[in-house]
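The values are calculated or read from the model by the stated rules, or taken from the named source; none is laboratory data. Because the structure is a prediction, the values reported are computed rather than measured. Heads up, the Cβs are rebuilt from the backbone with ideal geometry, glycines too, and the neighbour counts pull from every protein chain shown.
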Amino acid sequence: MDTFENEPTKEQKIWQVVAAIPEGKVASYGQVAAMAGLGRQARFVGRALGTLPSGHRIPWHRVIRSNGQIAFPEGTETCQLQTEKLRLEGVDVNKGRVKMKDFQWQP
């Protein structure tokens, strides 16, 4: 099997899409998967974001569920961090949800 040294991994493709989400916008896991050329692998997006190297600058907090819900359990430190980061960018988060019609990234 031939491998191409310059071809990005699935994780790198996901990170590239997430890096392109503008400040103040969000995208769903499924949207990121589709834009990365991975079809319906939304769950893989979550795993890939969980493997980001330390010191990265990928705006992982801009990725949420397709219904606008933050995926982390409400009240957890990670949920609070994601909520805080989104609010600092002007995204309205109410009870762990974002109105997708108002804030979804439409490239």
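Here is the figure for the range 32-50: residues that are surrounded by 18 or more Cβ atoms within 10 Å (Cβ to Cβ) and either at pLDDT below 95 or out of contact with any strand residue (DSSP E or B) (no Cβ under 9 Å at 6 or more places or on another chain) (or both) total 6.
Yes/no matrix, rows are residues, columns are (1) modelled with pLDDT of 95 or more; (2) buried (at least 17 other Cβ atoms within 10 Å of the Cβ); (3) part of a loop (DSSP other than H, G, I, E, B); (4) among the aliphatic types (A, V, I, L, M):
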site	(1), (2), (3), (4)
15	yes, yes, no, no
19	yes, no, no, yes
27	yes, yes, no, yes
30	yes, yes, no, no
72	yes, no, yes, no
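Inside the range 68-99, residues that are over 13 Å from the mean Cα position of the chain (by Cα) and closer than 23 Å to residue 13 by Cα make up a count of 0. Do the conditions hold for residue 83, that is, is it surrounded by fewer than 11 Cβ atoms within 10 Å (Cβ to Cβ) and hydroxyl-bearing (Ser, Thr, Tyr)? It is false that residue 83 is surrounded by fewer than 11 Cβ atoms within 10 Å (Cβ to Cβ) and hydroxyl-bearing (Ser, Thr, Tyr).
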